[in-house]
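Values quoted throughout were computed directly from the atomic coordinates according to the rules given, and no laboratory measurement underlies them. As the structure is a prediction and not an experimental result, all values here were calculated from the model. Methodologically, a virtual Cβ is constructed for each residue, glycine included, from the backbone with ideal geometry; neighbour enumeration extends over all protein chains shown.
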Amino acid sequence: MISEILQQLINGIALGSIYALIALGYTMVYGILRLINFAHGDIYMVGAFAGYFAITSFHWGIMPAFLFAMIVCAILGVSIERFAYRPLRMAPRIAALTTAIGVSLLLENLGVILWSPTPRAFPQVLSLKIYESIYQRFGVIVNNRQLVILSVSIGLMILLQFIVNRTKIGMAMRAVSFDRETAWMMGVNIDYVISFTFAIGSMLAAAGGVLVGIYFNRIDPLMGVMPGVKAFVAAVLGGIGSIPGAMVGGFVLGIAEILVSAFIASTYRDAIAFAILIIILLVKPSGIFGIITREKV
Amino acid sequence: MKRLVSLAVVVGLLLTGILPVYGAETIKVGLITPLTGAIATFGQSVDKGVRMAVDEINAKGGVLGAKLELTVEDNQAKAEESANIARKFIEQNKVIAIIGPVISSNVLAVAPIAQQSKVPLITPTGTNPRVTQVGNYIFRACFIDDFQGTVMARFAKTGLSKKANTAAILYEKTSDYSIGLVKYFKESFQKLGGKVVAEESFSSGDQDFSAQLTKIKGRNPDILYVPSYYDTAGLIIKQARELGIMAPILGGDGFDSPQLAELAGKENLKDCYFSGHFFSGSSAPQVRTFVANYKKRYNAVPDMLGALGYDAVYMLADAIKRAGKVDKDAIRDALAVTKGLKLVTGTITLDENRNPIKSAVIIGFDSNGNQVYKTTVNPPKK
Amino acid sequence: MFDKLRKLQYLLVIIGIALIYGINLLSLHINPYYLQIIIFSGINIILAVSLNVINGLCGQFSLGHAGFMAVGAYLSAFLTYYYQVPFPLALIAGGLASGVIGIGVGTPTLRLRGDYLAIATLGMGEIIRVILFNLDIIGGARGFPGISKYTDFFWVYLVVILVILSSYNLLKSPQGRAILSIREDEIAAEAMGVDTTRFKIFAFVFGAFWAGIAGGLWAHYLQFLHPSSFTFMKSVEILVMIVIGGLGSIGGSAISAVFLTFLPEALRYIKVIFNTTVDPRMVIYSLLLILTMLLRPQGLIGGYRRKVKNQ
């Protein structure tokens, strides 16, 4: 029984790290633009496909494939911002959100037309290794892929925290997300900072996409829809705009989803994410790490 | 002014529908299938099989001297879309028969329309028994859920080297197909004295089954029944094996695709079995020809959906031939008495509910992930 | 002046009803394919106009409209199928149930701003769908077949007249002005003494009610219900209608609803001309959304000029 609970926890942590990676991108973009980038889940999908083609068509190894995916998505993310979101920076929220939905649909359907909706098996570049010793000791199965996902997520988060808190560009990012107009008046190049944010967020999504390809073995043009929504919930849960929040939110959501699925009913698994979302929005919309801001007139 | 322009555009679009379609005397058939959307991969397989059959038949001169004229529309797996397309096919294209839709819920939206307009409809892949209950113009080319579920239950209980007493089920609760198969599997398995020790579910599109599989592993079942299509079943098999579940995994005809091995990982297919319509490695001449031609045309090994689409067309062609004329009612009558028709997915005879009575094959896998024929299960004698 | 308009309105309504009754009798002779498109257009008009009240007039970005439609559809079908409730009553019951759900959705989301509200309503819509998948008595994933075909031209266009009329009257009424003020500047409205809470809920209930009736009409035309017809994509389709029709424009919503119902059918012929089975519909919708927002946010078809609010 204990080993089953432990196993479920491990399942949850693995799932959570994926949500966390995607949530990081959401939270960064929201922090700086107050925009829910609906298309973020689809950028993750493009990352997975980029990695797939890098390995199968170009015959690159896993690290070059990762880099390729991240670069492709960075370019994609920056382009989307430049052409679809920037013109609407001064427009009401609804306009930007509607456009984001449009971009998301566009990416999904172009993906279906270009790459066919048939799911593809991601090449097994990371052969599976199960840690026997852990199994003997605790009765739980942990494999190397889970460790890779976990370490990459945490590693990227630490890197991200470093960039945001210890570098000049990071300071600029924080300034812009705090008060865009004042930052502009202080000489910060807003456009550049926003583009940079999108680039980083997209790179994280791309990494998530490739990792998911390796972990789950299956990619298709619609794979970003559900993870996109769930990662958004994770970001809100952790406090949208907060980087540690996105990580924590991702893990909490992953574990919650697994535990509910395991110990209550698997039929309501999807509903859990939405239920958590609504509860958080009602109880503490700023999330676990968020700060409540008074709406100023 | 702007409103006038938009109204004019709308009317203009309307008028394009009134333009008559000129053409030589052909037998018009309509195919409704999801070419985009979540299950596009299945819809495209059916489309491929249907087109190949139509082209083959036309190359040999058509039926009763006339060529088949196929119109294909994408219903995006949506009910109202299917209904719109069906109406268009019937009223505008004046089809004499409809093939499709692919999933039962879409067929249920279209069947009343076809029945009311007295246009024969053959669904190649809709497995819900209720589909043919809508009326006598509705036919199908595949098994119904009862049969498949029962076949696998019996196989689990008696056909495995280690006979199963307990079973765990992991089904797709948003899939009509999955729910149907599970219902009958459970019934049969329990009737044969088996015990279902776990029943977990998931939604279409889920990729992570670790929670459900971990729970199932804890119950230590003799077999695991996974009535899903290959795109999901592949993932489930992989995750199950990686979690240490080594029990045999059983499934339905949805497993039948070369992609299963890709997604699951060849080595994980050991001890997996499914009930299918046909065995692509079969030495039966029509299967070999079909597989060879399909490979040549599409550069891929056919899956079960492609084969069923192909067979649906041949079922129709055979009925038209027997009817002797291109008349909807005559064709319907001929279809209803289809008997002993040798097709790729088996020898078809339709019963009084217009469902095919045909044998199922049970297929396993070798260490390379290739399909291996296990046994044939014949339908119960009436 | 108002009296005269009122009396004119009543007269117009009576003429309208007589007209559609007459057309209905004729409709038996129209090509069923066209009739079907016309009926679906009518249902889409009801959906678009009702969503417009929530999103366009009140400025609350609701992405869960399909959920309201689903509730009305399933409840009315349930009543006619199991209890032989007369069609109009079943429709109204469906609408009322959706209205109640509208209260349920509107109340907690009151404090949420634009994007949060959008996601919350999306979540609500999805939760409704998940619940529907799990309710076996209405078929769940196997669907709910065998619903009687009570919907015809008359019923659909009667509701169309009613929804347009009530929306228009709402717009011109003091309550309508309150609702509009919430859209323009909620804090200012609150400061001026407008009970934003009450009116926001009212907008949701209004929109949900008509969406529920649209759902009932739909169910009794298609004769089959399945939860997969009420996804987020359906909500997006209705959203596309009101966006290109111009947020806030009742006429615009109606016209674009008709346009977007005919468009997929017209696209079929275009596909034949280009000899392809690739359905460009979704790509076109997404481009329409993006381009409209970028180039002409007040809508492509009809509509009043709406100022684009500065942040």
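In loop segments of region C:162-238 as defined by DSSP, there are no chymotrypsin sites (Phe, Trp or Tyr not before Pro) with at most 11 further C-beta atoms inside 10 Å of their C-beta.
Would you tell me the mean number of C-beta atoms belonging to other protein chains that fall within 10 Å of each C-beta in B:86-95, as a whole number? Across the residues of B:86-95, the mean count of other-chain Cβ atoms within 10 Å is 4.
Legend: residue pairs B:217/B:374; B:266/B:374; B:60/B:295; B:78/B:183; B:295/B:342; B:163/B:215, Cα-Cα distance threshold 28 Å; every pair lies within threshold.
Here region A:203-297 is assigned +1 on the Cβ of each Lys and Arg and -1 on the Cβ of each Asp and Glu. Its dipole about the Cα centre then comes out at about 200 debye.
Sorting B:228, A:202 by the number of Cβ atoms found within 10 Å of their own Cβ, with the fewest placed first, yields B:228, A:202. What's the FRET efficiency of residue A:62 with residue A:283 using the Cβ-Cβ distance as r and R₀ = 45 Å, to the nearest 0.05? After rounding to 0.05, the efficiency reads 0.60.
Its Cα centre serving as origin, region A:77-136 has a Cβ charge dipole (Lys and Arg +1, Asp and Glu -1) of approximately 260 debye.
Between the exposed loop cleavage positions of chain B, defined as GluC sites (Glu not before Pro) in a non-H, G, I, E, B DSSP state with at most 14 neighbouring beta-carbon atoms within 10 angstrom, the longest gap is B:26-351. Peptides C:55-63, A:203-211, B:289-297 ranked from most to least packed by the mean count of surrounding Cβ atoms within 10 Å: A:203-211, C:55-63, B:289-297.
Please rank C:142, B:219, C:198, fewest neighbouring Cβ atoms within 10 Å first, as an exposure proxy. Could the numbers behind the result be given before it?
Numbers: C:142 21, B:219 14, C:198 11.
Going from sparsest to densest Cβ surroundings: C:198, B:219, C:142.
Shown in residue order for region C:233-239 are the 3J(HN,Hα) couplings computed by the Karplus curve 6.51 cos²θ - 1.76 cosθ + 1.60 at θ = phi - 60°: 4, 5, 4, 5, 4, 5, 4 Hz (x for Gly and Pro). Of interest is the spacing of the C-alpha centroids, which for region C:239-253 and region C:1-53 amounts to 18 Å. For chain A, the longest principal axis of the C-alpha atoms and the axis of helix A:269-283 are separated by about 40°. In summary, the convex hull built on the alpha carbon positions of chain C has an orientation-averaged projected area of 17.6 nm².
Charge dipole of region C:31-229 (Cα centre as origin; +1 on each Lys and Arg Cβ, -1 on each Asp and Glu Cβ, all else neutral): 140 debye, rounded to the nearest 20. The mean count of C-beta atoms from other chains within 10 Å of the C-beta of residues in B:30-41, rounded to a whole number, is 4. Per residue of peptide A:110-117, the mean number of Cβ atoms on other chains within 10 Å of the residue Cβ is 4.
Each eigenvalue of the Cα gyration tensor of region A:2-231, multiplied by 5 and square-rooted, gives one semi-axis; in descending order these are 32, 21, 16 Å. In loop segments of region B:50-131 as defined by DSSP, the trypsin sites (Lys or Arg not before Pro) with at most 14 further C-beta atoms inside 10 Å of their C-beta are B:60, B:94, B:118. If you average 1/r across every pair of different Cα atoms in chain B and take the reciprocal, what Kirkwood value do you get, in Å? For chain B, the Kirkwood estimate is 21.5 Å.
For region A:142-228, the alpha-carbon coordinates run over 50, 28, 15 Å along the three principal axes, in decreasing order.
Proximity of backbone amide H atoms, modeled 1.01 Å from N, is registered between residue B:139 and B:121, B:122, B:123 at under 5 Å, excluding neighbours fewer than 5 places apart on the same chain.
Label sites at residue C:192 and residue C:131, each approximated as a point 7 angstrom past Cα along Cα to Cβ, lie 3.6 nm apart. Post the alpha-carbon centroid distance, region A:188-229 to region C:113-188, in whole angstrom. Cα centroid of region A:188-229 versus Cα centroid of region C:113-188: 33 Å apart. Computed from label points 7 Å out along Cα-Cβ, the spacing between residue B:118 and residue B:190 is 4.5 nm. Taking amide H atoms as placed 1.01 Å from N in the peptide plane, the amide H of residue C:225 lies under 5 Å from those of C:144, each 5 or more residues away in sequence or on another chain.
Between the alpha-carbon centres of region B:279-323 and region A:99-174 there is a gap of 41 Å.
If R0 is taken as 35 Å, the Cβ-Cβ distance between residue C:8 and residue C:107 corresponds to a FRET efficiency of 0.40. Over the protein assembly as shown, dividing the summed -39,500 (n - 2.57) contributions of all DSSP H runs of at least 4 residues by the number of residues returns a 222 nm mean residue ellipticity of -20500 deg cm²/dmol. For residue B:31, nonlocal amide neighbours, meaning residues 5 or more places apart or on other chains whose placed amide H falls under 5 Å from its own, are B:71, B:72, B:73, B:99.
What list do you get for A:73, B:142 if you sort them by fewest beta carbons within 10 Å?
So the residues, fewest neighbours to most, are B:142, A:73.
Using only alpha carbons, the protein assembly as shown has a radius of gyration to Kirkwood radius ratio (Rg to Rh) of 0.96.
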